[in-house]
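Visitor: Supplied in structure tokens, the structure appears directly below.
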Amino acid sequence: MKYDVVIVGGFGHVGLPLGISLADRGKRVCAVDVNAAVQERIGRGEMPFSDEGAESALRRVLGTGRLTLSLRPSEISETDTVVFVVGTPVDRHLNPEFEPMRQTFDSYLPYLKDGQLVVLRSTVYPGITEKLRRWLRAEGKEVELAFCPERIAEGFAMKELLSLPQIVSSFTSEGVARARALFETLTPQVIAIEPLEAELAKLFSNVWRYVKFAAPNQFFMIANDQGADYHRIHQAMTTNYQRCSDMPGPGFAAGPCLFKDAMQLAAFNKGSFYMGHAAMLVNEGLPNYLVETLKRKHGLRDKTVGILGMAFKGNSDDKRESLSYKLKKILLFEARDVLCSDVNFDEEGFVSTSELISRSDVVIVGAPHREYASLRPPAGKVFVDVWNLTGAGCVI
């Protein structure tokens, strides 16, 4: 075979670090995707997104020739192992959709071969792996199907792929053994469970984080409404007190996974997921809370508001599902003008950090990038730092 592994969706946040890591461990890897401009950039040794330690590793494996970049779906015929980075999206009514995954597989179907190991790597709706297996069988494809969810924190894939235990699942002992062998290339600890259990493990992990973030966000709102600084409260609660040591701070809980997966889990449980829906209302409601509080206490009609950091989390260049953009939409109805800036990526209409602070009457930290930690806005401006990035606390 020409390749040990072919990764479909191999230019993205999940597929590319996986391909680099496998190639760095001696595997012959082909990353297949659809964007020629991104292919060219990766081929020059440039990462298309931020991931700690990835760019030096990319250049190293490109130099060895073990990583191939391709736009041709036919490449999957040149391997015994195909990894698909294709998840289950939710529609505008927050219901999971199987059709996009089926359409993706349909386009690759002519190139799948009997006996291949086909690995699903992205989060899927519970039961999708079994549904896809039945569909592939009905289409005459006798492959071993495995679900092996990624577990990385975006921006740290290169580190975590080599340090975190890997969950694998399949419908046969041979499928489990082949999936185990693939991921033991990266990590010594591989945990095998049933496909439905693996699907739920991935959803439960993401939703647990989403629920954990909702609690301090609600606490922040309660404290702020009473004129109390939640960050001083948080420090008092967590200092040398083990039972509260795992409590995160407040801030925007966003990105391409957490909200979506909470809604998938709710749909799977026939709409009955009160804790998940409550977490969604709190986390998605934080931008509205900030705007309403600013309106009540400071007025916004005659003010320019600046949002520092448009990524969905700190020290990232990923803006997918960022609540900073939701905050911007709300402010466009309430403020005289809205300015946006981010130190990690640029967009039409963005201004520099210094221009934003200079022109804004109200400055809101949307993403806690490390570059903002030393900022001190001029006197007379309202500075909203829910994250407490600057260490000055936050009472709006």
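The values are calculated or read from the model by the stated rules, or taken from the named source; none is laboratory data. Just so it is clear, the structure is predicted and the values come from calculations on it, not from any experiment. FYI the Cβ positions are ideal-geometry reconstructions off the backbone, even for glycines, and counts take in every protein chain you see. Note: accessible area is taken over every heavy atom of the protein model, side chains too, but ligands, DNA and RNA are not part of it. Shrake-Rupley method; radii C 1.70, N 1.55, O 1.52, S 1.80 Å.
Visitor: Which pairs turn up if I take residues in the range 230-248 that are in a helix (DSSP H, G or I) and look for partners that are aromatic (Phe, Trp, Tyr) and open to solvent by 30 Å² or more (accessible area, probe 1.4 Å) with beta carbon separation below 7 Å, at least 6 apart in sequence or on another chain?
Guide: Between residues of the range 230-248 that are in a helix (DSSP H, G or I) and residues that are aromatic (Phe, Trp, Tyr) and open to solvent by 30 Å² or more (accessible area, probe 1.4 Å), the close pairs are TYR230/PHE219.
Visitor: Taking only pairs six or more apart or across chains, which ones have beta-carbon atoms under 6 Å, a first residue in the range 366-387 that is modelled with pLDDT of 95 or more, and a second residue that is in a helix (DSSP H, G or I)?
Guide: Once the first residue is modelled with pLDDT of 95 or more and sits in the range 366-387, its partners that are in a helix (DSSP H, G or I) give GLY366/SER324; VAL382/HIS298.
Visitor: Can you tell me which residue among ALA254, ALA266 is touching a helix residue (DSSP H, G or I) at 6+ places or on another chain (Cβ under 7 Å) and under 28 Å from LEU389 (Cα atoms)? So that I can check it myself, show each step before the final result.
Guide: Values: ALA266 fails: under 28 Å from LEU389 (Cα atoms).
None of the others qualify; the one that does is ALA254.
Visitor: Keeping to the range 109-127, report how many residues are closer than 22 Å to PHE183 by Cβ and out of contact with any Leu (no Cβ under 8 Å at 6 or more places or on another chain).
Guide: Looking only at the range 109-127, we keep the residues that are closer than 22 Å to PHE183 by Cβ, and these are 112-113, 115-124, 126.
Keeping just the survivors that are out of contact with any Leu (no Cβ under 8 Å at 6 or more places or on another chain) gives 113, 115-116, 122, 124.
Final tally of qualifying residues: 5.
Residue-by-condition table, conditions (1) more than 16 Å from the chain's Cα centre (by Cα); (2) surrounded by fewer than 24 Cβ atoms within 10 Å (Cβ to Cβ); (3) modelled with pLDDT of 95 or more; (4) within 23 Å of LEU332 (Cβ to Cβ):
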| site | (1), (2), (3), (4) |
| --- | --- |
| ASP261 | no, no, no, no |
| GLN264 | no, no, no, no |
| SER272 | yes, yes, no, no |
| TYR289 | yes, yes, yes, yes |
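Visitor: Of the conditions (1) part of a loop (DSSP other than H, G, I, E, B); (2) at pLDDT 95 or above; (3) not β-branched (Val, Ile, Thr), CYS340 satisfies every one except a single condition; which number is it?
Guide: Only one criterion in (1) part of a loop (DSSP other than H, G, I, E, B); (2) at pLDDT 95 or above; (3) not β-branched (Val, Ile, Thr) is unmet by CYS340, namely (1).
Visitor: A further question on this structure: May I ask you to list the residues in the range 156-175 that are under 26 Å from VAL143 (Cβ atoms) and either in contact with a Ser or Thr (Cβ under 7 Å, 6 or more places away or on another chain) or of a type in the set (Val, Ile, Thr) (or both)?
Guide: LEU161, PRO165, GLN166, ILE167, VAL168, THR172
Visitor: Condition first: under 21 Å from LYS319 (Cα atoms), in contact with a Ser or Thr (Cβ under 7 Å, 6 or more places away or on another chain) and open to solvent by 10 Å² or more (accessible area, probe 1.4 Å). Can you find one or more residues in the range 232-243 that meet it? Step through it out loud before you land on a result.
Guide: Our first condition is that a residue be under 21 Å from LYS319 (Cα atoms); within the range 232-243, this holds for none.
No, every residue in the range 232-243 fails to be under 21 Å from LYS319 (Cα atoms), in contact with a Ser or Thr (Cβ under 7 Å, 6 or more places away or on another chain) and open to solvent by 10 Å² or more (accessible area, probe 1.4 Å).
Visitor: Say whether the condition of being of a type in the set (Lys, Arg) and assigned to a loop (DSSP other than H, G, I, E, B) is met by at least one residue in the range 267-280. If you could, list the steps in order and put the result at the bottom.
Guide: As a first pass, look at the range 267-280 and keep what is of a type in the set (Lys, Arg): 270.
From the residues that got through so far, the ones that are assigned to a loop (DSSP other than H, G, I, E, B) too are 270.
There is at least one residue in the range 267-280 that is of a type in the set (Lys, Arg) and assigned to a loop (DSSP other than H, G, I, E, B).
Visitor: Checking LYS202 against (1) at pLDDT 95 or above; (2) over 19 Å from the mean Cα position of the chain (by Cα); (3) farther than 17 Å from ASP114 by Cα, which test does it fail?
Guide: (2)
Visitor: Tally the residues that are of a type in the set (Asp, Glu) and open to solvent by 80 Å² or more (accessible area, probe 1.4 Å), restricting the search to the range 219-229.
Guide: Start the filter on the range 219-229 by keeping residues that are of a type in the set (Asp, Glu), which leaves 225, 229.
Pick out the ones that are also open to solvent by 80 Å² or more (accessible area, probe 1.4 Å) and you get 225.
Within the range 219-229, residues that are of a type in the set (Asp, Glu) and open to solvent by 80 Å² or more (accessible area, probe 1.4 Å) number 1.
Visitor: Scan LEU300, LEU331, LEU327, LEU308 and give me the residue that is open to solvent by less than 40 Å² (accessible area, probe 1.4 Å) and within 29 Å of PHE204 (Cα to Cα).
Guide: LEU327
Visitor: All but one of (1) open to solvent by 10 Å² or more (accessible area, probe 1.4 Å); (2) at pLDDT 95 or above; (3) assigned to a loop (DSSP other than H, G, I, E, B); (4) not acidic (Asp, Glu) hold for ARG320, so report the exception by its number.
Guide: Single failed check for ARG320: (2).
Visitor: Going by the conditions given, is ASN344 touching a residue at least 24 places away in the same chain (Cβ under 8 Å) and at positive phi? Explain how you work it out, then say what you get.
Guide: On the way: touching a residue at least 24 places away in the same chain (Cβ under 8 Å): yes; at positive phi: no.
No, not satisfied.
Visitor: From the set of residues in the range 334-370 that are among the polar types (S, T, N, Q) and closer than 22 Å to GLU321 by Cβ, which is surrounded by the most Cβ atoms within 10 Å (Cβ to Cβ)? Before you say what the answer is, go through the steps one by one.
Guide: Residues of the range 334-370 that are among the polar types (S, T, N, Q), as a first pass: 341, 344, 352-354, 358, 360.
Right, trim to closer than 22 Å to GLU321 by Cβ and you get 341, 344.
Numbers: SER341: 24, ASN344: 18.
Only one residue fits best here, namely SER341.
Visitor: If you go through the range 376-396 one residue at a time, how many are in contact with a helix residue (DSSP H, G or I) (Cβ under 8 Å, 6 or more places away or on another chain) and either of a type in the set (Phe, Trp, Tyr) or assigned to a loop (DSSP other than H, G, I, E, B) (or both)?
Guide: Let us first name the residues in the range 376-396 that are in contact with a helix residue (DSSP H, G or I) (Cβ under 8 Å, 6 or more places away or on another chain), namely 377-378, 381-382, 384, 386, 388-390, 393-396.
Narrowing the set further to residues that are either of a type in the set (Phe, Trp, Tyr) or assigned to a loop (DSSP other than H, G, I, E, B) (or both) leaves 377-378, 381, 386, 388-390, 393-396.
Number of matching residues: 11.
Visitor: Among what's in the range 100-111 and is closer than 11 Å to LEU132 by Cα and at pLDDT below 85, pick the residue that is surrounded by the most Cβ atoms within 10 Å (Cβ to Cβ).
Guide: Applying the filter and picking the extreme gives MET101.
Visitor: Still on this structure, I have one more. Among the residues of the range 179-193, how many are among the aliphatic types (A, V, I, L, M) and without any contact (Cβ under 8 Å) to a residue 24 or more places away in the chain? Spell out how you get there, then give the answer.
Guide: Quick first cut of the range 179-193, residues among the aliphatic types (A, V, I, L, M) only: 179, 181-182, 186, 190-193.
Filter once more, keeping what is without any contact (Cβ under 8 Å) to a residue 24 or more places away in the chain: 181.
Total satisfying the criteria: 1.
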